[in-house]
Amino acid sequence: MSSRRPIYLDYAATTPVDERVAEAMFRFMTFGGAFGNPASRSHSFGWEAEKAVEEAREQVAALVGADPREIVWTSGATEADNLAIKGAAHFYQKKGRHIVTVKTEHKAVLDTCRQLEREGFEVTYLDPEPSGLLDLNKLEAALRNDTVLVSVMQVNNEIGVIQDIEAIGNLTRSRGILFHVDAAQSTGKVHLDLSKLPVDLMSFSAHKTYGPKGVGALYVSRKPRVRLEAQMHGGGHERGMRSGTLAPHQIIGMGEAFRIAREEMGAENERLRMLRDRLWEGLSTMDEVYLNGDLERRVAGNLNASFNFVEGESLIMALKDIAVSSGSACTSASLEPSYVLRALGRDDELAHSSIRFSVGRYTTVEEIDHTIALVTSAVEKLRELSPLWEMHQEGVDLKSVEWVAH
Amino acid sequence: MAYSDKVIDHYENPRNVGSLDKADPHVGTGMVGAPACGDVMKLQIRVNDAGVIEDARFKTYGCGSAIASSSLLTEWVKGKTLEEAGAIKNTQIAEELALPPVKIHCSVLAEDAIKAAIEDFRKKTVQAPPADHEEPRRLSA
Ligand SMILES: Cc1ncc(COP(=O)(O)O)c(C=O)c1O
Ligand code: FES
């Protein structure tokens, strides 16, 4: 391993597998381990694997307050989102063909909705408030008699804001509409109790919570009972909702990761909040730095800030010793500035200048302090290079300039 | 995005960053791009009485390739006549910096910027434009 790896501050993109998780996974792969097919009913190799898979299901269910029978294994949150949205839309289409979601959802939700539009469904994409949160009145106004499904994520992957899913669920329940929640960014970060929450379908991913990539789960409520049309056909695994031989090592990894999350999330979130607040305190001493998304209703590990008059891609380039992400690139290159920030109504300039920092289990105070120093000097350097910063210093209102767009 | 060594060099050690006095009659200023698009390039040249670019400065808001394109261009135009500088093509910049296809427009921006700076200079000087230059002459201070 190279000794000069960048500081990892992109835990919202993915997390490393916890050592304890990796060890647990390894016991389910080799000949000396429990490598059996959990669907094999005729010998102990199968029984052993099945038992471990069911224990992992219990761990996942326990973290989110669900019944283990409500957990369906998938290949990740993308597949869970697809199964939930397409599965419910197809199953209930005789009741109606209208779906409501939000413009700041993950692409796994938005592109699935686009596909349903091509199939003849109608989808309403709501604008969030500038804080990133959804105004319930706007949601209520969008509901129709033929609305069958509402899909709203709990924690936004870019800006970390937490939607009030309880209030949304109460509204959808009172109208007899199904409610799906993408909770890929929630596990281990916000307390969830699905035995009380009015949520019908919820998507999870292991790799955002120190589990392996390539495994996730969909919660499918039993009370009230929710039915889905399968998207993957075959051997009838997972009660017919998702065929395909289960991957015990992946599943055990997710179970172990979620077990650890349940035990440690209290202390961990306090530590992450301290680190995140320290980072924001350090960065916000600079001029013209803006926080994106609500500060209060936000997960502990996320900081998304715009450094005005500095373009995001060049900032990322200056920050080669820090692994962070930016939704930005100029519109001429294939990437668009973050659609999430645009949906908040952020100016294009600020959307172009945004960086997401997400701290996690292995982030240290020293790394935060080093990051503050690196970002500060990079922003200063790029502002020296920026004609916009110069104009701002001269008191020119950039909005009043006639730009020669190309 | 992987950057070429030359882009990284110009990005890390940009040449000729800064501003010239835009009111100076010997200075031409070109500003192209728009903040909403994610790129703005300002390029300035100081031209002597012989029509030779003596100095050049830039400031760029944009990606690393845009910064490198403008930095390189300031090096190239110094010592050139306006005609020579105006003949520089974005493809030469893109080739020198080994820009990938999605970054070609960053070099286009640089070509546009030098053209705009030359035009600005010509507009404000009493100096006779070259024969092929169609623009009406204008006297200024
Ligand atoms: C909110 C959200 N939904 C869905 C996904 C996709 O999850 P997965 O990578 O497990 O398919 C992600 C992560 O990229 C996410 O952040
Ligand atoms: S200026 Fe647009 S990507 Fe370089």
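Some points to look at:
- Close amide H contacts of A:THR74 (hydrogens built in the peptide plane, cut-off under 5 Å, sequence separation of 5 or more or a different chain): A:GLY216, A:ALA217, A:LEU218.
- Chain B: angle of helix B:104-124 to the longest principal axis, Cα-based, in degrees nearest 10: 10 degrees
- The relative contact order of segment A:1-157, computed from alpha carbon pairs under 8 Å that lie at least 6 residues apart in sequence, is 18 percent.
- The charge dipole of segment A:198-348, taken about the Cα centre with unit charges on the Cβ atoms of Lys, Arg (+1) and Asp, Glu (-1), comes to about 1020 debye, rounded to the nearest 20.
- Computed on chain A, with alpha-carbon pairs under 8 angstrom and 6+ residues apart, the relative contact order is 21 percent.
- One equal scatterer on each Cα of chain B, no solvent, Debye formula: the resulting log10 I(q)/I(0) at q = 0.13, 0.18, 0.21 Å⁻¹ is -0.52, -0.94, -1.21.
- Gain on full stretching of the segment that runs from B:LYS6 to B:GLU75 - 0.36 nm per residue minus C-alpha separation: 23.5 nm
- The residues of the protein assembly as shown expose on average 42 square angstrom of accessible surface per residue, using a 1.4 Å probe on protein heavy atoms.
- Peptides ranked, highest mean first, by Cβ atoms within 10 Å: ranges B:88-96, A:242-250, A:184-192: A:184-192, A:242-250, B:88-96
- When the protein assembly as shown is described by a simple charge dipole with +1 on each Lys and Arg Cβ and -1 on each Asp and Glu Cβ, the residue from A:ALA257, A:ASN302, B:HIS10 located farthest towards its positive end is A:ALA257.
- Kirkwood estimate for the protein assembly as shown, i.e. one over the average of 1/r between Cα atoms, Å: 26.0 Å
- Here the extension length gained between A:ARG27 and A:SER42 equals 3.3 nm, from 0.36 nm per residue of separation less the Cα-Cα distance.
- Tensor-based shape of segment A:1-143 (alpha-carbon gyration tensor, a/c under 1.5 rounded, otherwise prolate or oblate): oblate
- Residues whose placed amide H lies under 5 Å from that of A:ILE322, excluding near-sequence neighbours: A:ILE7
- Ordering A:PHE91, A:PHE26, A:PHE45 by Cα displacement along the dipole of segment A:1-127 toward the positive end leaves A:PHE91 in first place; charges were set at the Cβ atoms of Lys, Arg (+1) and Asp, Glu (-1).
- Taking the empirical scaling 2.2 N^0.38 Å for compact globular proteins as reference, segment A:202-256 has a Cα radius of gyration ratio of 1.22.
- Dipole magnitude of segment B:1-132, debye to nearest 20 (Cβ charges: Lys/Arg +1, Asp/Glu -1, about Cα centre): 280 debye
- Placing +1 on the Cβ of every Lys and Arg and -1 on the Cβ of every Asp and Glu, with nothing else charged, gives the protein assembly as shown a dipole about its Cα centre of roughly 1780 debye.
- Out-of-range pairs (alpha-carbon distance over 25 Å; input A:LYS213/B:LYS103; B:LYS80/B:LYS124; B:LYS59/B:LYS123; A:LYS381/B:LYS123): A:LYS213/B:LYS103; A:LYS381/B:LYS123
- Separation in nanometres of the label points that stand 7 Å from Cα toward Cβ, at A:ARG297 and A:TYR362: 3.4 nm
- Seen from all directions on average, segment A:54-102 presents a Cα convex hull projection of 4.6 nm².
- Förster radius 22 Å - calculated FRET efficiency between A:TYR339 and A:HIS90 (Cβ-Cβ, nearest 0.05): 0.25
- At R0 = 30 Å, FRET efficiency that the Cβ-Cβ distance of A:ALA141 and A:GLN115 yields, to 0.05: 0.75
- Cut-off under 5 Å, modelled amide H: who pairs with B:ASP39 long-range: B:ALA34
- Relative contact order [Cα under 8 Å, 6+ residues apart], chain B, whole percent: 27 percent
- Rounded to the nearest 5, the antiparallel percentage of DSSP beta bridges internal to chain B is 95%.
- B versus A: buried accessible surface, summed, Å² (probe 1.4 Å, to nearest 100): 2700 Å²
- Antiparallel DSSP beta bridges within the protein assembly as shown, as percent of all bridges there, nearest 5: 65 percent
The values are calculated or read from the model by the stated rules, or taken from the named source; none is laboratory data. Source: prediction; values computed, not measured. When we count neighbours, we look across all protein chains shown, and the Cβ atoms used for this are built from the backbone with ideal geometry, even at glycine. Remember, those area values only see protein heavy atoms, side chains included, never the ligands or the DNA or RNA. Shrake-Rupley method; radii C 1.70, N 1.55, O 1.52, S 1.80 Å.
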